[in-house]
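S.K.: My questions will all concern the structure given below.
The values are calculated or read from the model by the stated rules, or taken from the named source; none is laboratory data. As the structure is a prediction and not an experimental result, all values here were calculated from the model. Cβ atoms come from the backbone with ideal geometry, glycine included; neighbour counts cover every protein chain shown.
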């Protein structure tokens, strides 16, 4: 519960909670990172963010590093009222029983059993339980049901970009996406720099109980797009030993944000070549045209 004069640490905690909830919902990487960066700015600020917000409003907050209009609005609201509509909305959307019912094959009773008997609350934890045998121990989860849940979760975890497009109101046109040649160029640069050990490594929260910083990250700009590249950290990537092959590229420009996955093709005419999943025809044209 915030005080009447929230400290920088309290405000930063709100931003961190928002980032954590966005991450649990597989939101866009850039948005998650924006809230984490904003939290770091607030936490390390020498002056009171509360005083700055009260005296200068959102305009004053936006002059701080890593504080954009949206984050400034969240801070201003929290300073004014001691609460955040966005945080409460995300908490409501992430209620575990409701969240688990979005997975095909899991209804209300099974969702409640997962929460009460396994004491898990996120899709990441559910994914782990589906692969480590815990889920199969519950009544109602036979071999076939667990396999279906594994497949469904793999799809849900790898199609965050598709959900983003649906929320935005439709599929993106080719003009709103980087060309396949640009995506493959970024993929090539990322894997080269990662192999050479020249990239900063982060410690992902999923499938990393030791908290080891193993995942290299590349931030770059190509053809007017901002890119962030990192190896896939999904359950399927770990299960198939593809964490050193599948590369997820997040990109944004002029408010447009999306992502693609690039993999080494294992069959057909493109066998052994890097291809953009979902854009195989463009990848084929890229290699055909040299």
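S.K.: Conditions first: (1) out of contact with any helix residue (DSSP H, G or I) (no Cβ under 6 Å at 6 or more places or on another chain); (2) crowded, with 19+ Cβ neighbours inside 10 Å. Residue 238 passes all but one, so which condition is the exception?
M.R.: All conditions are met except number (2).
S.K.: If I ask for residues that are touching a strand residue (DSSP E or B) at 6+ places or on another chain (Cβ under 9 Å) and farther than 17 Å from residue 232 by Cβ, which ones from the range 194-203 would you list?
M.R.: Once the filter is applied, which keeps residues that are touching a strand residue (DSSP E or B) at 6+ places or on another chain (Cβ under 9 Å) and farther than 17 Å from residue 232 by Cβ, the range 194-203 yields 197, 198, 200.
S.K.: Then there's this: Could you check, for the range 201-212, whether at least one of its residues is within 22 Å of residue 123 (Cα to Cα), modelled with pLDDT under 95, in a loop (DSSP other than H, G, I, E, B) and touching a helix residue (DSSP H, G or I) at 6+ places or on another chain (Cβ under 6 Å)?
M.R.: There is at least one residue in the range 201-212 that is within 22 Å of residue 123 (Cα to Cα), modelled with pLDDT under 95, in a loop (DSSP other than H, G, I, E, B) and touching a helix residue (DSSP H, G or I) at 6+ places or on another chain (Cβ under 6 Å).
S.K.: Then there's this: Any chance you could count how many residues in the range 153-200 are at pLDDT below 50 and closer than 20 Å to residue 32 by Cβ?
M.R.: Residues meeting the conditions: 11.
For every residue, the table says whether it meets (1) touching a residue at least 24 places away in the same chain (Cβ under 8 Å); (2) buried (at least 18 other Cβ atoms within 10 Å of the Cβ); (3) under 27 Å from residue 93 (Cα atoms); (4) touching a strand residue (DSSP E or B) at 6+ places or on another chain (Cβ under 9 Å).
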residue	(1), (2), (3), (4)
8	yes, yes, yes, no
20	no, no, yes, no
23	yes, yes, yes, no
60	no, no, no, no
63	no, no, no, no
71	yes, yes, yes, no
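S.K.: Answer yes or no: is there a residue in the range 33-48 that is within 25 Å of the chain's Cα centre (by Cα) and within 23 Å of residue 236 (Cβ to Cβ).
M.R.: If we filter the range 33-48 for residues that are within 25 Å of the chain's Cα centre (by Cα), which is where we start, we get 33-44.
Then keep just the ones that are within 23 Å of residue 236 (Cβ to Cβ); that gives none.
Among the residues of the range 33-48, not one is within 25 Å of the chain's Cα centre (by Cα) and within 23 Å of residue 236 (Cβ to Cβ), which makes the answer no.
S.K.: Return a yes/no flag: does the range 107-121 have any residue that is under 30 Å from residue 72 (Cα atoms) and either surrounded by 19 or more Cβ atoms within 10 Å (Cβ to Cβ) or at pLDDT below 85 (or both).
M.R.: yes
S.K.: Which ones in the range 107-147 are touching a residue at least 24 places away in the same chain (Cβ under 8 Å) and over 23 Å from the mean Cα position of the chain (by Cα)?
M.R.: The answer is 109, 110, 113, 114, 138, 139, 140, 141, 145.
S.K.: Determine which member of the set 272, 244, 290 is outside any strand (DSSP E or B), modelled with pLDDT under 90 and surrounded by fewer than 16 Cβ atoms within 10 Å (Cβ to Cβ).
M.R.: Within the list 272, 244, 290, the selection yields 290.
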